[in-house]
Amino acid sequence: MENTTERGTDRVKRGLAEMLKGGVIMDVVNAEQAKIAEEAGAVSVMALERVPADIRAEGGVARMADPGKVQEIIDAVSIPVMAKARIGHFVEARVLESLGVDYIDESEVLTPVDEFHVDKRAFTVPFVNGAKDLGEALRRIGEGAAMIRTKGEPGTGNVVEAVRHMRMMNGQIRWLTTLDPEELMNAAKELRAPIDLVREVADTGKLPVVNFAAGGIATPSDAALMMQLGCDGIFVGSGIFKSGDPAVRARAIVEATTYYQDAAKIAEVSSGLGEAMVGINIDTIPAEERMQDRGN
Amino acid sequence: MRVGVLALQGDFREHLAAVARLDQEGVEVRTTDELATVDALIIPGGESTTIGRLARIYGLIDPIRERVKSGMPVFGTCAGMIFLASGTTGPEQPQLGVLDVIVERNAFGRQVDSFEADLRVEGLDTPMRAVFIRAPWIEKVGGAVDVLAGVEDPGGGGIHPVVVRQDRILATSFHPELTHDDRLHSMLIELAEEH
């Protein structure tokens, strides 16, 4: 082969997210959970120190997981491993990259360290970022994010915020496609988003990267709902390992994500799953404890 | 012609777009009923363990194997190549075992080692831009398998096949569906027309 080889291009970074589509990415805190997730059909696992429900319950500063734990998870499974770094913490991101993590989630679930996000273009490893709306998604893509997910409200087992974010994103994309070229600069100003990306979305009618659902997904029906709303795939955080029977629930969510249009199959996989995680109503969470408002 | 794309998980929409660019009818295949209606099948990129597991639970492995054995052309990319193969160098996972090769998964390393490069493929007059994402390569080929392209092992282990053909089975380690270069998809459709 001639020396035409390039690593870390947009195509290579975004490409891995393309391969995860139609799949479920599961939060895990150790190698044993990672193996359960892989066995259940997860397309990837997300390594973190505590699942969002525990972060919410215990409070304090939430940081990147222990690199030794991340390494154990990498060694335990053959599927891609993601890990969370704090918003703006480019050193945590470099540490995770050096371990060979396959995707970094610059995540509002952890405690932010900066009002600015990481310059993700400077990395070979790809990043996924959360977004509540189109402007936020395009700002993150402008910084180099190769994948987007809804923020939802993590650790609640309540999917309402993920639904809200997805509907907002879809609605704003539809709106852009109806505008004349003369109107797009003003739209970019309103969205606080880079004009080139605004033009691209107006032309294609979709985000330039894959968009997954995340935040509060707890049941197979939640996963299928998000897929029907147009998400490309599913992140499940606390929903699996905070439930009564994680292996069975994990398998059911994987199957509901593939057969998301088939209500009879969703009914079948949802039967006898045992207890779902305990949910939290969003309006009982004080505004300053809402993770979705971190890092806009 | 109806070209099915196995739509259990992965980048099946990109393959359906390639099929549409070639003016053929693309069909998402998730059930044995859908499989029965197609003239050729594409197995997309994705996670081979996930695709294999879903195919096993929903009883698709034997029906796909039977169709391929009775001559239906099939094209697998990346995870699709792994699913078609007779084995891997790692732990056992559900596979069709119709393509007589042993693959090594994630052979080039992790995502930071993923790359794109120009690749010469036998039968194509100019190179393809090939996108390798946590890609497999072929460790061992059987006698009936033609190697159409290979790449050098960065670790000095010689040339490993990355595009192979065995009768009406075509497989690549990389993702032609991501680059809008539809020459290998055309090859599949030609195979189906001959059949």
Check your understanding: Separation of the range A:242-263 and the range A:108-166 by C-alpha centroid, Å?
Key -> 24 Å
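If eta is 1.306 mPa s and T is 10 °C, what Stokes-Einstein diffusion coefficient results for the range A:219-296, Kirkwood Rh from Cα pairs, in µm²/s? Intermediate values should be presented prior to the final figure.
Details: Rh = 13.7 Å.
Roughly 116 µm²/s, to the nearest whole number.
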Point to revise | Interchain or long-range residues, amide H under 5 Å from residue B:25's placed H | key: B:3
Practice item. Quote the Stokes-Einstein diffusion coefficient, in whole µm² s⁻¹, for chain B, based on the Kirkwood radius over alpha carbon pairs, a temperature of 10 °C and a viscosity of 1.306 mPa s. Key: 97 µm²/s
Check your understanding: Can you list the residues of the range A:200-228 with backbone N under 17 Å from a point 7 Å past the Cα of residue A:267, pointing along Cα to Cβ?
Key -> A:220-222, A:224-225
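Where in the range A:100-152 are there GluC sites (Glu not before Pro) that are in a DSSP coil and have at most 16 other Cβ atoms within 10 angstrom of their Cβ?
Working: sites: A:106, A:108, A:115, A:136, A:143; in loops: A:108, A:115.
Of the GluC sites (Glu not before Pro), the ones in loops of the range A:100-152 whose Cβ has at most 16 other Cβ atoms within 10 Å are A:115.
GluC sites (Glu not before Pro) within the range A:1-64: which are DSSP loop residues with at most 12 other Cβ atoms inside 10 Å? Please report the intermediate quantities before stating the final value.
On the way: sites: A:2, A:6, A:18, A:32, A:38, A:39, A:49, A:58; in loops: A:2, A:49.
Listed in order of number, the matching sites are A:2.
Pairs A:13/A:206; A:151/A:189; A:21/A:120; A:84/A:120; A:84/A:189: which exceed 20 Å Cα-Cα? Spell out each step's value before the answer.
Numbers: A:13/A:206 18 Å; A:151/A:189 23 Å; A:21/A:120 22 Å; A:84/A:120 14 Å; A:84/A:189 31 Å.
With Cα atoms farther than 20 Å apart: A:151/A:189; A:21/A:120; A:84/A:189.
When N is the residue count of the range B:88-195, what does its C-alpha Rg come to as a fraction of 2.2 N^0.38 Å? Walk me through the intermediate numbers first.
Values: Rg = 13.9 Å, N = 108, 2.2 N^0.38 = 13.0 Å.
With N residues counted in the range B:88-195, Rg over 2.2 N^0.38 Å equals 1.06.
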Review point. What relative contact order, as a whole-number percentage, does chain A give when Cα pairs under 8 Å and 6 or more residues apart are counted?
Key: 19 percent
**Study point:** Where N is the number of residues in the range A:4-158, Cα Rg divided by 2.2 N^0.38 Å
**Key:** 0.98
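If you average the sequence gap of Cα pairs under 8 Å that are 6 or more apart and divide by the length of the range B:98-154, what percent do you get for the contact order?
Numbers: 83 pairs, mean separation 25.6, N = 57.
45 percent.
How big is the equivalent ellipsoid of chain A along its three axes, where each semi-axis is √(5λ) from the Cα gyration tensor, reported in whole Å from largest to smallest?
Numbers: eigenvalues 153, 106, 77 Å².
Rounded to whole Å, the semi-axes are 28, 23, 20.
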Study note, to complete from the structure: Checking the range A:99-143 for chymotrypsin sites (Phe, Trp or Tyr not before Pro) in a loop per DSSP with at most 14 other beta-carbon atoms within 10 Å yields A:116
Check your understanding: Any idea how far apart residue B:159 and residue B:194 come out in nm if each label point goes 7 Å out from Cα toward Cβ?
Key -> 2.2 nm
Review point. How large is the charge dipole for the range A:104-258, taken about the Cα centre, if only the Cβ atoms of Lys, Arg (+1) and Asp, Glu (-1) carry charge, to the nearest 20 debye?
Key: 360 debye
Check your understanding: In whole Hz, what ³J(HN,Hα) sequence does the range B:146-162 give by Karplus (6.51, -1.76, 1.60; θ = phi - 60°), x for Gly and Pro?
Key -> 8, 8, 9, 7, x, 10, 6, 5, x, x, x, x, x, 8, 10, x, 10
Review point. How much of the DSSP beta bridge set in the protein assembly as shown is antiparallel, as a percent to the nearest 5?
Key: 30 percent
Check your understanding: Given a cut-off of under 8 Å on Cα pairs at least six residues apart, what relative contact order in percent is computed for chain B?
Key -> 19 percent
Study note, to complete from the structure: residue B:183 and residue A:185 label points (each 7 Å along its Cα→Cβ direction) are spaced in nm at 4.3 nm
Practice item. With springs connecting C-alpha atoms under 10 Å apart, model chain B as a Gaussian network and identify which of B:148, B:41, B:99 has the largest mean-square fluctuation. Key: B:148
Check your understanding: What are the ³J(HN,Hα) values, in whole Hz, obtained from phi via the Karplus relation 6.51 cos²θ - 1.76 cosθ + 1.60 with θ = phi - 60°, for each residue of the range B:137-142 in sequence order, with x given for Gly and Pro?
Key -> 10, 9, 8, 9, 10, x
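How much net charge surrounds residue B:87 when only other residues with a Cβ under 12 Å from its Cβ are counted (Lys, Arg +1; Asp, Glu -1)? Working shown, then result.
Numbers: positive: B:105, B:140; negative: B:92, B:100, B:104, B:139.
Surrounding charge for residue B:87 is -2.
Each reported figure results from applying straightforward, stated rules to the coordinates on display, with no laboratory input. From a predicted model like this one, the values you see are computed outputs, not experimental measurements. Here Cβ is always computed from backbone atoms with ideal geometry, including for glycine, and neighbour counts include all displayed protein chains.
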